[in-house]
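Structure first, commentary second.
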């Protein structure tokens with residue numbers, strides 16, 4: 001099974017969270033077919049978390065779905081913004097989804 005296109009995956013993620021009452025938007029559009037997806041979570045308490053694609057070697061399934069790793073956990077927003085800016089300089093095809101969520105479960109597969 002192949003991965004879902006980035007634009008479709010992002011659209012579904014945003015729609016699902018907005019339907020649940022969470023504010024979620026596409027902050028940056030990347031390559032519609034194979035752009036990497038970063039998820040920035042504002043916990044509405046002055047802290048932000050960042051989820052980035054997990055390396056393929058750390059995934060336990062056959063690699064058919066997107067899996068993420070938590071890069072930053074409840075840090076100052078400037079740290080996340082700087083990290084995203086560095087990644088965009090390296091990979092301009094990057095997608096960034098911004099989600100307002102008080103809790104930590106963003107509803108995606110997280111690898112340790």
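For segment 68-108, give me the residue count where each residue is in a strand (DSSP E or B), within 20 Å of residue 43 (Cβ to Cβ) and touching a residue at least 24 places away in the same chain (Cβ under 8 Å). Spell out how you get there, then give the answer.
Narrowing segment 68-108 to residues in a strand (DSSP E or B): 68-75, 95-100.
Of the ones still in play, those that are also within 20 Å of residue 43 (Cβ to Cβ) are 68-75, 96-100.
In the following step, the residues that additionally are touching a residue at least 24 places away in the same chain (Cβ under 8 Å) were identified as 68-70, 72-75, 96-100.
Summing the residues that are in a strand (DSSP E or B), within 20 Å of residue 43 (Cβ to Cβ) and touching a residue at least 24 places away in the same chain (Cβ under 8 Å) in segment 68-108 gives 12.
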Single unsatisfied condition, residue 37 versus (1) exposed (fewer than 14 other Cβ atoms within 10 Å of the Cβ); (2) closer than 15 Å to residue 96 by Cα: (1)
Answer from 46, 35 - the residue that is closer than 19 Å to residue 5 by Cβ and in contact with a helix residue (DSSP H, G or I) (Cβ under 9 Å, 6 or more places away or on another chain): 35
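The numbers here are math on the coordinates, done by the rules we state, and not lab data. Please read all numbers here as calculations on a predicted model, not as lab measurements. In this analysis, Cβ positions are derived from the backbone assuming ideal geometry, glycine residues included, and neighbour counts consider all displayed protein chains.
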